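Reviewing the structure listed below.
The values are calculated or read from the model by the stated rules, or taken from the named source; none is laboratory data. Here the structure is a predicted model, which means the values were calculated and not measured. With ideal geometry, Cβ positions are generated from the backbone for all residues, glycine too; neighbour counts draw on all protein chains shown.
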Amino acid sequence: MTAHDLRPKILIVEDDTDIASFEQTMLDRAGYQTRIAETGQRGLDLVKTFAPDVVLLDIGLPDMSGLDVLTTIAETADAYILMVSGHSSEETRLTGLGLGADDFITKPFSGNELVARIASFLRRRERARLRDSDGRLQVGDAALVRDLHTLEKDGRSVALTALEFRLLWFLTEADGRLLTRAQILERVWNDVSGVPTRVVDVHVAALRKKLSGVGASYQISSVRGIGYRLDASA
């Protein structure tokens with residue numbers, strides 16, 4: 001296998017040739033293999049033959065609903081899906097995330113932002129390597145210790161409640177992916193109906209203080225009306 005074959009593969013499903021060319025140029029420069037599909041059906045065909053690591057999927061496609069394409073990819077392919085939309089409505093974003101998109105990006109966007117989002121997905125594939133036999137998970141330059149339910153950095157340690165620990169572990173494993181409050185409630189609280197979404201906000205506020213308390217380089221950022229992601233601090 002050649003070095004070229006080892007490069008991560010990105011599939012661009014976009015019918016606007018100018019936008020597709022821009023995206024391809026930026027991703028090629030970043031060292032990725034790329035393919036372009038100008039229709040939803042061509043995108044589905046390339047998912048099978050190209051086997052991408054990440055699919056950059058425009059929601060507005062000429063031959064079929066981008067949401068239908070999203071659903072099929074999410075159900076059949078082992079690929080991260082970055083939803084691209086010219087619409088910034090909360091409803092569109094939540095629908096896509098609910099159908100299986102890992103994140104969304106709204107046009108217009110910069111090439112640097114696009115490359116950063118793709119890199120975030122690919123880092124998640126390496127996340128398992130950061131775990132050791134003691135049940136540790138890196139949170140930037142800090143570490144979650146499963147057995148102790150603590151967050152540690154440079155000799156400093158802070159205790160986490162069981163819910164705080166599960167919430168921060170979930171956010172860390174997402175590695176920058178936006179998580180909706182509903183996703184968090186389902187994973188951390190095992191409930192999407194009986195627990196008010198406000199409880200997520202309360203626990204996030206507590207975690208922000210504890211991350212700051214140990215001097216962690218990562219903090220929890222909010223996307224208004226949708227949810228939270230773990231981001232490197234400025």
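In region 69-88, how many residues are free of Cβ contacts under 8 Å to residues at least 40 places away in the same chain, more than 24 Å from Arg224 (Cα to Cα) and touching a helix residue (DSSP H, G or I) at 6+ places or on another chain (Cβ under 7 Å)?
5
Return the residues of region 134-186 that are buried (at least 16 other Cβ atoms within 10 Å of the Cβ), among the aliphatic types (A, V, I, L, M) and assigned to a loop (DSSP other than H, G, I, E, B); say none if nothing qualifies.
Of everything in region 134-186, those that are buried (at least 16 other Cβ atoms within 10 Å of the Cβ), among the aliphatic types (A, V, I, L, M) and assigned to a loop (DSSP other than H, G, I, E, B) turn out to be Leu160, Leu178.
Could you check Glu91 against (1) assigned to a helix (DSSP H, G or I); (2) farther than 27 Å from Gly225 by Cβ and say which number it fails?
(2)
Please state which of the following conditions Gly215 fails to meet, knowing it meets all the rest: (1) farther than 26 Å from Val115 by Cα; (2) free of Cβ contacts under 8 Å to residues at least 60 places away in the same chain.
That leaves (2) as the condition not met.
Quick check: is even one residue across region 98-111 modelled with pLDDT of 90 or more, among the small types (Gly, Ala, Ser) and either surrounded by fewer than 18 Cβ atoms within 10 Å (Cβ to Cβ) or closer than 24 Å to Val200 by Cα (or both)?
Within region 98-111, one or more residues are modelled with pLDDT of 90 or more, among the small types (Gly, Ala, Ser) and either surrounded by fewer than 18 Cβ atoms within 10 Å (Cβ to Cβ) or closer than 24 Å to Val200 by Cα (or both).
Please work out which one of (1) at pLDDT below 95; (2) part of a helix (DSSP H, G or I); (3) buried (at least 19 other Cβ atoms within 10 Å of the Cβ) is the condition Val84 fails and give its number.
Of (1) at pLDDT below 95; (2) part of a helix (DSSP H, G or I); (3) buried (at least 19 other Cβ atoms within 10 Å of the Cβ), only one is false for Val84: (2).
Looking only at residues that are touching a Ser or Thr at 6+ places or on another chain (Cβ under 9 Å), over 13 Å from Val200 (Cα atoms) and not hydrophobic (A, V, I, L, M, F, W, C) in region 146-190, which one is modelled with the lowest pLDDT?
Filtering first and then ranking leaves Asp175.
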